[in-house]
Amino acid sequence: NLIFDNDIWFLETPGASYQDTSFAFKITTIANKISLVKTPYIHYCVDNELSSVKAKDKAFVICCEYEEITRFLETKNIVDKNIWDKKYTNQWFGYLWNLKRIDSKYQNDFVEKITEEFSQYYAQGYLTESFINILKIRELKDFSSSKENFKKYLSQKLKKKLKKDNRREYISIHLNKKEIYLKIFGVEIVNINKGSIV
């Protein structure tokens, strides 16, 4: 009833990309009560080559999800500042996650997209002190005064990721309950999960 009464639907996107983004936000925003259950009802498949997280050509589809969230909040006349702060926070992290995972040939265009949107939010006074505090990135306060500063901030983020990726090419260590994994210069040295030690 909650879904039908509030006209909440998945946004139709190519390949059903990121459709849970706006759907989950809309549902949790409009619900009077939310319960936490231990049973996992949703299972993400990340080994499918056609899944959205691996589809580099769907670089900008995630933007449609946040446009839908904005439309929904405005249609429902939701003015609660905390909810809007949450929307901008989710959008920021969603965009940064997407920026880091998409193919490098799309990254500059996506930096332009983030810069355009968030510099407008800043100019309109939407990025409040609360937003900055939620993100826990004090440097954004200094960078958010102009488009060029936004680009500079995002470019630094990309450079850090590139350095991290390059380091992983030389050495990769993974430890958890199921696996102890060590790779050096692209050669697998130890993988306890498989029971193989080279």
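The values are calculated or read from the model by the stated rules, or taken from the named source; none is laboratory data. Note that this is a predicted model, so its numbers are computed, not measured. Backbone-built Cβ (ideal geometry, glycine too); neighbour counts: all protein chains shown. Just the protein is used for accessible areas: all its heavy atoms, side chains included, with ligands, DNA and RNA removed. Shrake-Rupley method; radii C 1.70, N 1.55, O 1.52, S 1.80 Å.
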| message | I'm checking my understanding of the structure. Among residues of the stretch 75-117 that are part of a loop (DSSP other than H, G, I, E, B) and either under 19 Å from Tyr18 (Cα atoms) or in contact with a His (Cβ under 9 Å, 6 or more places away or on another chain) (or both), which one is modelled with the highest pLDDT? | response | Ile102
| said: Here are the criteria: (1) within 19 Å of the chain's Cα centre (by Cα); (2) modelled with pLDDT of 70 or more. Tell me which single one Tyr122 does not satisfy. | reply: (1)
| Would you say Lys159 is at pLDDT 60 or above and open to solvent by 30 Å² or more (accessible area, probe 1.4 Å)? | yes
